[in-house]
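Input: a single structure, listed below in structure tokens.
FYI, it's all coordinate maths here, none of it is from the lab. For clarity, every value in this text was computed on a predicted model and none was experimentally measured. Glycine gets a Cβ as well: all are built from the backbone with ideal geometry, and neighbour counts include every protein chain shown.
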């Protein structure tokens, strides 16, 4: 992922479930830099695909000096709480900072 861009992240669940609550947390240096919830995503329940668009402002919060760690936590309609393994995402630099 590159700073100052607007990527769309896609997460595939092992099975299609009904999601009651969802948090996608982005950390750098063990500090939460960004967190998104169920209202920020599109969920294709039939295929178990979660799609999260990030804005330029979102990706400008990340430092290119270290990777971002991403983790999904969710609760299904049966109150089962699930957490993904943390995922490492490298952050690319940009020469001209800021939103364009």
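Worth pointing out:
- Scanning the stretch 1-26 for residues that are surrounded by 12 or more Cβ atoms within 10 Å (Cβ to Cβ), farther than 18 Å from residue 82 by Cα and under 10 Å from the mean Cα position of the chain (by Cα) yields a single hit, 9.
- Screening residue 74 with (1) touching a helix residue (DSSP H, G or I) at 6+ places or on another chain (Cβ under 7 Å); (2) more than 28 Å from residue 97 (Cβ to Cβ) gives one miss only, at (1).
- Residue among 42, 51 that alone is surrounded by fewer than 15 Cβ atoms within 10 Å (Cβ to Cβ) and touching a residue at least 40 places away in the same chain (Cβ under 8 Å): 51
- Of all residue pairs spaced 6 or more apart or on separate chains, those with beta-carbon atoms under 9 Å, a first member in the stretch 59-83 that is at positive phi and a second member that is loosely packed, with under 15 Cβ neighbours inside 10 Å are 79/20.
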